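Enquirer: I have a structure I would like to understand better, so I am pasting it below and will then ask my questions one at a time.
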Amino acid sequence: MLQESVKKFGLINSIEGYSYLALLFIAMPLKYLFGIALAVKIVGMIHGILFIIFCILLLIAWQETKWSMKNNIIFFTASLLPFGTLFTKHRIKSFE
């Protein structure tokens, strides 16, 4: 069960990171360069839902693995930076 929560967190970590990149580099240019505001509404909503799931799975994995607060802060902060979650993959793999 321990590995299962970390694997789920690792998966949502990647998916949420890619959705953030899609929001920044696809949807926002479509809105501001071409006037297609619907792109940000759709991708933004998807990213928001994924971010909430990311936060929930982060808490679950943290409780089950008992990893340090430092790791939690690193994972959460990385989710706020473009390409940030891609750099935390090796840290997540160490808990599997």
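The values are calculated or read from the model by the stated rules, or taken from the named source; none is laboratory data. For clarity, every value in this text was computed on a predicted model and none was experimentally measured. All Cβ positions, even for glycine, are placed from backbone atoms using ideal geometry, and neighbour counts span all protein chains on display.
Enquirer: Of the numbered conditions (1) surrounded by fewer than 19 Cβ atoms within 10 Å (Cβ to Cβ); (2) modelled with pLDDT under 95; (3) more than 18 Å from Leu80 (Cβ to Cβ), Val6 fails exactly one; give the number of that condition.
Expert: (1)
Enquirer: Sort out which residues of segment 27-47 are farther than 22 Å from Ala78 by Cα and aliphatic (A, V, I, L, M), and write them in order of number.
Expert: Hits for segment 27-47 are Leu30, Leu33, Ile36, Ala37, Leu38, Ala39, Ile42.
Enquirer: Right, another one. Looking only at residues that are surrounded by 13 or more Cβ atoms within 10 Å (Cβ to Cβ) and of a type in the set (A, V, I, L, M, F, W, C) in segment 60-80, which one is modelled with the lowest pLDDT?
Expert: Only one residue fits best here, namely Trp67.
Enquirer: Test of understanding: among Leu50, Leu24, Leu11, Leu57, which residue is surrounded by fewer than 15 Cβ atoms within 10 Å (Cβ to Cβ), within 22 Å of Thr77 (Cβ to Cβ) and in contact (Cβ under 8 Å) with a residue 24 or more places away in the chain?
Expert: The conditions single out Leu24.
Enquirer: Grab the helices (runs of 4 or more DSSP H) fully contained in the chain, keeping just those with 2 or more residues being of a type in the set (Lys, Arg) and within 18 Å of the chain's Cα centre (by Cα).
Expert: Helices (runs of 4 or more DSSP H) meeting the threshold: 2-22, 89-93.
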